[in-house]
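Read the figures in this text as sums done on the coordinates, not as results from a lab. Owing to the predicted nature of the structure, the values given are computational and were not obtained by experimental measurement. All Cβ positions, glycine included, derive from the backbone under ideal geometry; neighbour counts span all protein chains shown.
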Amino acid sequence: MPRPDAGTSLLELQRSFARTIRAAALASDDDATFAGPGAVPVSERLAVYRNNAWQFFQNALALTYPVLKRRVGDDYFRQLAHEYRIAHPSRRGDLHWVGESFPAWLEQRLAQTEYAWLADLARLEWACEVVATTQTEQHADIAALSALDPVTLDRAVLHLQPALQLVESSWPLWSVWQANQAQHEAMAIDLGSGPENCAVAGVDDGVTVYRLTAVDFSLLGSLQAGSSLAQAVSVAGAAPEALARLLGWAFAERLVVGVVSPSARA
Amino acid sequence: MPVRAGIGLRSAHHEALPRELPEVGWIEAHTENYFHAGGPGIRVLERARESYPLSLHGVGLGLGSADPIDMEHLDRIRDAVRRFEPALVSEHACWGHVDGEHFNDLLPLPHTEEAVEHLASRVRQVQDFLGRQVLVENLSSYVAFAGSRLSEGDFLAAVVERSGCGLLLDVNNAYVNAHNLGLDVDAFFAALPVPAVQEIHLAGHSRRRIGEHELLIDDHGSAVPDAVWALYRSALRRFGPVPTLIEWDTAVPALEVLVAEARRADAIREQIDAAT
């Protein structure tokens, strides 16, 4: 026999409670669902829950997007958070996910405005969040490359850290991110100073944001997508020396977790 | 789980706790903070787990929600339980989501027969899924329901009886409810089945002025006040020595402050033990 589920009255009570939490104004003191007791009005009692829900949402968003909050200031961040919550209320019991849709929402909300670049900054901070919660794999040594047959080396494929995130931007993204870190005073960045692409990776117990040249970004993106070394060079239109330099950096930063030779792939 | 007092593992102490390994009986962690496959926080708990027994405390499942239980959330709880092998697993006697919208708060249930049956059925579902008993914690509340027909103690006792769960007794929540809702704490303690109480929480609260009156807000942001320590003594006399957590989640102080509070809880337990 199936177990009884919540009856209508419990469901309706929770819906009624939810309406008071979402409401812009204080609830009525005359709602017969609720009881005091005592002299504190029911509306003030319910306001505790209304404020909690808003504060928990806003705080979770601020934890995920500290650089963006610092850049735009508390008041504008609060306004954005309020609008975002209406469009994207929390859908999970784990507050970590509250900010997942924030970059895409900002992109629409701020399109054609002077703040359009904030969407890219949000994408970078969400990438940091993803990296901070993804398992880091044991890195490979660059000796794994030199062990391959030189004749077929260019057909080798690299496996990169699963947490590695690449963020492309038309704005000086890395410079803005760097200039708004909490440990030093914020600096103004000329938003017309050109595009900067970023890679985000987890190293030891921290998250590192790298600034990449357009060529390095293209090379790394191709390698992450599973291209061979030769294919990556072709797609990026890069010189072989550029690949050699990028590989040296990627191994040194422990971003490579495996090297697959052409024979192994066959 | 040792009866010696424990402390919560919070991000403010992610560096200090594994380095200093303070002498406390156990640590508590919020389950939802360890839902991920990896990252620095996971590694800190893995290291801490080598030195301490663990209690995993969930804050986001919303057991009493009328919505179907969030199976993805429950899956992640099971993953965390398998990974960290806690001695105790706990949730709250609350609801948290309706029609798919989560409020990420511990929202109160009416103390009705319908809510007892609903909560007990959800607890059974969770226990069956996890393959183990869970503890259910009493809430701090700011509003009561006109339709409630049971006392809070009788409500929780009925949930225990119908689900086989244990109880996590939050003494500060009982104090807050006594102030906010007129809860009779002696009667509340008396209604709870003694063997069911397997963990105790102690915390501080703040006061919110509303006209001539005030509500106590359960914010876990200060030291355990004297009045809550006094109730803790009463709880130990009724329930015996129970693993006790110093719960401090906002404005988290230095690690040694938490440890000092845990020492105070230990000293009180030893006094009560010696006197009985």
Note to self: So residue A:113 ticks every box in (1) more than 12 Å from chain B (Cβ to nearest Cβ); (2) on the phi > 0 side of the Ramachandran plot but one. Which box is left unticked?
What the structure shows: (2)
Item checked: When residues of segment A:222-244 are limited to those that are surrounded by fewer than 17 Cβ atoms within 10 Å (Cβ to Cβ) and touching a residue at least 24 places away in the same chain (Cβ under 8 Å), the one farthest from the chain's Cα centre (by Cα) -> A:230
Next item on the list: Inspect segment B:90-108 for any residue being more than 13 Å from chain A (Cβ to nearest Cβ) and not acidic (Asp, Glu) and give the result as yes or no.
Entry: yes
Next item on the list: Say whether the condition of being farther than 27 Å from residue A:49 by Cβ, among the polar types (S, T, N, Q) and surrounded by fewer than 14 Cβ atoms within 10 Å (Cβ to Cβ) is met by at least one residue in segment B:247-259.
Entry: no
Next item on the list: Mind checking which helices (runs of 4 or more DSSP H) fall wholly inside segment A:65-137 and carry at least 3 residues that are of a type in the set (Asp, Glu)?
Entry: A:74-87, A:118-132
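Looking at segment A:91-116, which of the residues that are surrounded by 14 or more Cβ atoms within 10 Å (Cβ to Cβ) and of a type in the set (Gly, Ala, Ser) is farthest from residue B:63 (Cα to Cα)?
The first filter runs over segment A:91-116 and keeps only residues surrounded by 14 or more Cβ atoms within 10 Å (Cβ to Cβ), leaving A:91-107, A:109-110, A:115-116.
Now drop any that are not of a type in the set (Gly, Ala, Ser), which leaves A:93, A:99, A:101, A:104, A:116.
Values: A:93: 11, A:99: 24, A:101: 26, A:104: 32, A:116: 41 Å.
The qualifying residue farthest from residue B:63 (Cα to Cα) is A:116.
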Check: Just to be sure, is residue A:50 within 25 Å of residue B:143 (Cβ to Cβ), crowded, with 16+ Cβ neighbours inside 10 Å and in contact with a Lys or Arg (Cβ under 9 Å, 6 or more places away or on another chain)?
Finding: yes
Notebook entry, point to check: residue B:215 versus (1) more than 15 Å from residue B:175 (Cα to Cα); (2) touching a residue at least 40 places away in the same chain (Cβ under 8 Å): which is the lone unmet condition?
Noted result: (1)
Note to self: Take the residues in segment A:53-79 that are surrounded by fewer than 18 Cβ atoms within 10 Å (Cβ to Cβ) and of a type in the set (Lys, Arg); name whichever of them is farthest from residue B:141 (Cα to Cα).
What the structure shows: A:70
Note to self: Cβ-Cβ under 7 Å, sequence separation 6+ or interchain: first residue in segment B:174-187 and closer than 19 Å to residue B:201 by Cβ, partner surrounded by fewer than 16 Cβ atoms within 10 Å (Cβ to Cβ). Which pairs?
What the structure shows: B:175/B:227; B:181/A:37
Checklist line | Residues of segment B:232-263 classified as touching a Leu at 6+ places or on another chain (Cβ under 9 Å) and in a helix (DSSP H, G or I), total | finding: 7
Item checked: Residue among A:32, A:24, A:39 that alone is more than 9 Å from chain B (Cβ to nearest Cβ), more than 28 Å from the chain's Cα centre (by Cα) and not in a helix (DSSP H, G or I) -> A:24
Note to self: Here are the criteria: (1) more than 7 Å from chain A (Cβ to nearest Cβ); (2) farther than 25 Å from residue B:9 by Cα; (3) acidic (Asp, Glu). Tell me which single one residue B:79 does not satisfy.
What the structure shows: (2)
Checklist line | Selection count, segment B:107-134, where residues are in a strand (DSSP E or B) and either surrounded by fewer than 23 Cβ atoms within 10 Å (Cβ to Cβ) or without any contact (Cβ under 8 Å) to a residue 12 or more places away in the chain (or both) | finding: 0
Check: When you scan segment B:5-32, how many residues do you find that are in contact with a Gly (Cβ under 9 Å, 6 or more places away or on another chain), surrounded by fewer than 21 Cβ atoms within 10 Å (Cβ to Cβ) and either farther than 20 Å from residue B:249 by Cα or polar (S, T, N, Q) (or both)?
Finding: 1
Next item on the list: Could you list all residues from segment B:39-58 that are at the interface with chain A (Cβ under 8 Å from one of its Cβ atoms) and either closer than 15 Å to residue A:92 by Cβ or in contact with a strand residue (DSSP E or B) (Cβ under 8 Å, 6 or more places away or on another chain) (or both)?
Entry: B:39, B:40
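Within segment A:43-52, identify whether any single residue is under 40 Å from the mean Cα position of the chain (by Cα) and assigned to a loop (DSSP other than H, G, I, E, B), and answer yes or no.
Filtering segment A:43-52 for residues under 40 Å from the mean Cα position of the chain (by Cα) gives A:43-52.
Those left that are additionally assigned to a loop (DSSP other than H, G, I, E, B): none.
Checking segment A:43-52: not a single residue is under 40 Å from the mean Cα position of the chain (by Cα) and assigned to a loop (DSSP other than H, G, I, E, B).
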